[in-house]
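Engineer: Mind having a look at this structure? Questions to follow.
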Amino acid sequence: MKVGDRIILLPASDPAGYFTGDIALTSNEVMQLARGGMISFQSVPTATNPEHFPGSVMLVPEEGVTVITDMDDTIKITDILNHKDKVANTFLRPFKAVPGMPALYRSWMEALGPRIHFHVVSAGPWQFNEPLRRFTEEARFPAFTWDMRSVDIGDVSVLLKEMNPDPNDLYEFKLQKIRAFMARFPKRHVVLVGDSGEKDPDVYAKILSEFPNRVDAVFIRNVSREDQKDRYEKLFRSKEAVAKLRVFLDPKELPPLTPPPFAQSANPSIGPGKSVRNLFPPSASSVSRSAASSIGAASTGSAISR
């Protein structure tokens with residue numbers, strides 16, 4: 001991999017063609033390479049693969065708020081609960097945004113600026129990342145960083161299993177990815193946004209129980225339009241957890257985010273008559289650059305690959 005003038009040797013890819021690795025950059029390198037909060041890189045041709053591929057990473061401040069969002073039926077219409085429509089919306093029909101979600105995320109971005117970061121944690125295969133990224137750009141969502149599953153679609157048995165994945169496997173994947181994010185950015189707070197179709201409430205309730213002081217809100221889109229009061233009472237047991245949960249049908253039901261008066265608290269506030277305690281805490285307004293900043297690593301001033 002080439003970053004600036006440096007060539008870095010990275011681990012071999014897994015059977016699905018993906019790999020992970022950490023690249024440490026100095027503060028001077030970050031300052032020289034960063035353009036608009038992004039650092040570009042490219043693969044280096046080898047004897048067995050003459051092609052080279054460009055990529056970029058997003059610089060994420062040490063402190064701030066990250067909106068960790070699901071994809072299917074949270075911001076993109078998939079209709080997971082209807083198998084026929086799920087297949088059609090995934091493979092046949094053009095991707096469509098959940099009405100109101102692009103505007104909601106843009107309003108949060110406009111209110112908080114560089115203090116807010118949007119991160120997708122989806123149990124979908126990485127093979128869908130490129131079309132999903134194009135979809136989010138065309139729908140005018142803010143830029144995302146991504147966590148998706150590495151799936152070897154060249155293995156027929158794996159491909160068949162993917163048609164009806166085990167919900168518990170998807171639960172564990174999301175849980176581990178969000179835990180890893182929380183460890184990678186120990187000073188950032190998060191807002192968890194998902195839907196009721198599968199395991200998002202279960203995952204988010206668990207994360208809230210493990211990081212009660214860093215999860216500021218849990219927003220669940222009710223895709224079944226059913227009253228699932230018993231489900232949420234079992235998952236969100238404490239008064240503190242219940243205070244942070246909001247189940248919604250229309251994104252307009254969620255509290256608007258507005259920056260505070262300059263002379264008062266650094267905490268952004270939400271609209272009149274609505275409250276979610278500790279929503280969007282004080283955060284750094286600029287990228288923190290340490291001497292050990294990295295690409296895709298858990299250090300101060302980290303950068304996460306798009």
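Engineer: Could you work out how far apart the two model spin labels at residue 169 and residue 88 are, taking each label as a point 7 Å from the Cα in the direction of the beta carbon, and quote it in nm?
Structural biologist: 2.7
Engineer: Once amide H atoms are placed 1.01 Å from N in the peptide plane, what residues at a sequence separation of 5 or more from residue 223, or on another chain, have their amide H within under 5 Å of its amide H?
Structural biologist: The list, which skips near neighbours in sequence, is 196, 197.
Engineer: Could you run the Karplus curve 6.51 cos²θ - 1.76 cosθ + 1.60 with θ = phi - 60° over region 46-53 and give me ³J(HN,Hα) per residue in whole Hz, x for Gly and Pro?
Structural biologist: Coupling constants for region 46-53: 10, 5, 8, 9, x, 7, 10, 10 Hz.
Engineer: Same structure, new question: Which value, in debye to the nearest 20, gives the size of the charge dipole of region 64-270 about its Cα centre, when Lys and Arg are +1 and Asp and Glu are -1 at the Cβ?
Structural biologist: Using only the charged Cβ atoms, the result is roughly 600 debye.
Engineer: May I pose another question? Are there trypsin sites (Lys or Arg not before Pro) in region 198-246 that DSSP puts in a loop and that have at most 13 other Cβ atoms within 10 Å, and which ones?
Structural biologist: Filter output for region 198-246: 225, 237.
Engineer: Related question: Counting other Cβ atoms within 10 Å, which trypsin sites (Lys or Arg not before Pro) in region 67-129 have at most 14 and lie in a DSSP loop?
Structural biologist: Filter output for region 67-129: 96.
Engineer: Just to check I understand the Karplus step: with θ = phi - 60° and J = 6.51 cos²θ - 1.76 cosθ + 1.60, what whole-Hz values come out for region 218-235, glycine and proline as x?
Structural biologist: 10, 10, 10, 7, 7, 7, 8, 6, 9, 7, 10, 4, 4, 4, 6, 5, 6, 7
Engineer: Give me, ordered by chain and number, the residues 5 or more places off residue 3 or on other chains with an amide H under 5 Å from its own placed amide H.
Structural biologist: Amide H to amide H, under 5 Å and 5 or more residues apart or across chains, residue 3 pairs with 8.
Engineer: Right, something else. Once amide H atoms are placed 1.01 Å from N in the peptide plane, what residues at a sequence separation of 5 or more from residue 67, or on another chain, have their amide H within under 5 Å of its amide H?
Structural biologist: 117, 118, 119, 191
All of the numbers you see were taken from the coordinates with simple rules; none came from a lab. Small disclaimer: the values here were computed from a predicted structure and weren't measured. Reconstructed Cβ throughout: ideal geometry from the backbone, glycine too, with neighbour counts over all protein chains shown.
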